[in-house]
Structures are given as C-alpha cells and as structure tokens.
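Asks: One structure, as structure tokens, below. Some questions next.
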Amino acid sequence: MSASQLIQNLRNTRVAVVHPRDQDGDDLVRQLQRIGCQVQVVWPPPSQLPLPLDAVFFLLDRDTRSSMPWRMADLAIAHIAIVDYENPTVLKALLDSSAHGVLVRPIRASGVLSSLVLALSQRGYEGRLLAKIGKLEDTLRTRRDVEKATRLLMGLRNLSEDDAYQFLRKQATAKRVPIGTIAGSIINAHAMLAELDRDGEPDK
C-alpha cells in the first residue's frame, strides 16, 4: 500500500487502545476518533486482543509488560508502545515488544497521527519482507526436494541426472502440479518403503 493510500484509509483503521481510562488514555482515544479511526478501549490488558485490528496502542511499564500474554511479533498489526520515561529497563522492554512506534506520556495530540502512520507503514513493509522471505524459503525447500528426488531416481532407475530431472518435470506436467509436489511424493514414498523394510527385518 502506498503512503497516499495508507493516509486515505485512516478512517477505516481499526485500533485498540490498551491503556487505563485516565487523562492520557482519554486524550489518545479522542485524537484517534478525530482522525476517524474505529477505536476500542481495552483495560485491564486482556489475554487476547479483540481482533481483527490494524493497530494497537499499548501501555508499556513495569506493571503491565508482564501482564500482556500475547506475543506482539505473532500479530500482523502495527504496535505503538506508550511509555512514561526512558531508562535501560524500559528500552529493553520496548525492543522486546517488537513495537513499530512509541509515544511518551504525557500524550500530545500532535504526535498521535504521525506515530500511527509510521507504525502502519513499518508494519506493511515488514509484512512484505516476511512474504518475500517465505517465498524464498519455499523456493529453497522445493529445490532441495527436487535435488533429493533426482538423486533417488538416479539410484533406483539407473538414470542420468538430466533424465531423472526430466522425469520429474514430465510427471509434474502430466499431473498439473508443481515439480516440488512430485519430488515430495517420491521422497515420502521412498522413506515409507525404507521404514517398511526395516520393520520387516527379522529380530537378531
């Protein structure tokens, strides 16, 4: 999503605020509502966030960081931490929280929009990187499976490397499935037969 699209879609942004209903919490909620966000206030920290969400502002202090059992890194949403002060303990907790942005109390209206936009942008970029990494891992996994299946066919059928690979390709084309699927089937079948052979061996 481009920066202009992100800003245009702010009115559709679903935001949770995990913060006490004090002055700072109320100021944050009002500012988010002025922006046009769909806001839910959650306090005390819940065992699970009220999904679906696009972003969450959460208080991070010595009392609340241990009472938030959800793992921020496992949630595909933008995280904006709210802190009282900056010291080594808070900074470590901030890094551990995988936050995409931070607000320092007392909360000022002028910083909320920029923090939200930056966090949403960072989360989007992070999501695109993770998707690319996932595709690369799938490609490498497929390549390893194809290489292993090729070696198995070379040994079982006495084929050259090229002939074994072409066999895999023809099977994939005939069955209209990815070549990695055929390779995985051959590897699994070989492993199953090897296990059957082991189970059938007489006890010594």
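Asks: Taking the options V112, V90, name whichever one is of a type in the set (A, V, I, L, M), surrounded by 12 or more Cβ atoms within 10 Å (Cβ to Cβ), at pLDDT below 80 and assigned to a helix (DSSP H, G or I).
Replies: Step by step, each of V112, V90 is checked, and only V90 is of a type in the set (A, V, I, L, M), surrounded by 12 or more Cβ atoms within 10 Å (Cβ to Cβ), at pLDDT below 80 and assigned to a helix (DSSP H, G or I).
Asks: Another question, then. Are any residues in the range 135-148 among the aliphatic types (A, V, I, L, M) and surrounded by fewer than 12 Cβ atoms within 10 Å (Cβ to Cβ), and if so, which ones? Even if it seems obvious, please write down each step before you answer.
Replies: Residues of the range 135-148 among the aliphatic types (A, V, I, L, M): 136, 140, 146.
Residues satisfying the conditions are L136, L140.
Asks: Follow-up question, since we're still on this one. What is the residue count in the range 5-25 for residues that are free of Cβ contacts under 8 Å to residues at least 60 places away in the same chain and under 18 Å from L120 (Cα atoms)? Explain how you work it out, then say what you get.
Replies: Of the range 5-25, the ones free of Cβ contacts under 8 Å to residues at least 60 places away in the same chain are 5, 8-9, 11-12, 14, 16-18, 20-22, 25.
Right, trim to under 18 Å from L120 (Cα atoms) and you get 5, 8-9, 11-12, 14, 16-18.
Number of matching residues: 9.
Asks: Mind checking which residues of the range 5-30 are touching a helix residue (DSSP H, G or I) at 6+ places or on another chain (Cβ under 8 Å) and open to solvent by less than 30 Å² (accessible area, probe 1.4 Å)?
Replies: Scanning the range 5-30 gives L6, L10, T13, V15, V17, H19, L28.
Asks: Please find, within the range 76-106, the residue that is nearest to R21 (Cα to Cα) out of those that are in contact (Cβ under 8 Å) with a residue 12 or more places away in the chain and polar (S, T, N, Q).
Replies: The residue in question is S97.
Asks: Keeping to the range 149-162, report how many residues are within 40 Å of the chain's Cα centre (by Cα) and loosely packed, with under 15 Cβ neighbours inside 10 Å.
Replies: Within the range 149-162, residues that are within 40 Å of the chain's Cα centre (by Cα) and loosely packed, with under 15 Cβ neighbours inside 10 Å number 3.
Asks: Taking K132 as the residue in question, decide whether it is open to solvent by 100 Å² or more (accessible area, probe 1.4 Å), under 30 Å from L75 (Cα atoms) and in a helix (DSSP H, G or I).
Replies: Answer is yes for this residue.
Asks: Counting just the residues of the range 39-54 that are over 21 Å from the mean Cα position of the chain (by Cα) and open to solvent by 50 Å² or more (accessible area, probe 1.4 Å), which one comes out modelled with the lowest pLDDT?
Replies: Taking the candidates together, the pick is P44.
Asks: Residue pairs, Cβ under 7 Å, 6 or more apart or interchain, first in the range 26-38 and under 15 Å from I80 (Cα atoms), second open to solvent by 30 Å² or more (accessible area, probe 1.4 Å) and not β-branched (V, I, T). List them.
Replies: Here the result reads Q31/A109, each pair linking the range 26-38 to a residue that is open to solvent by 30 Å² or more (accessible area, probe 1.4 Å) and not β-branched (V, I, T).
Asks: Could you say which residue among L120, L103 is open to solvent by less than 80 Å² (accessible area, probe 1.4 Å) and not in a helix (DSSP H, G or I)?
Replies: Details: L120 fails: not in a helix (DSSP H, G or I).
L103 is the lone residue from the list that is open to solvent by less than 80 Å² (accessible area, probe 1.4 Å) and not in a helix (DSSP H, G or I).
The values are calculated or read from the model by the stated rules, or taken from the named source; none is laboratory data. These figures come from a predicted structure and were not determined experimentally. So basically every Cβ, Gly included, is an ideal-geometry build from the backbone, and we count neighbours across all protein chains shown. Each accessible area value is taken on the protein alone, full model and side chains, heavy atoms only, with ligands, DNA and RNA left out. Shrake-Rupley method; radii C 1.70, N 1.55, O 1.52, S 1.80 Å.
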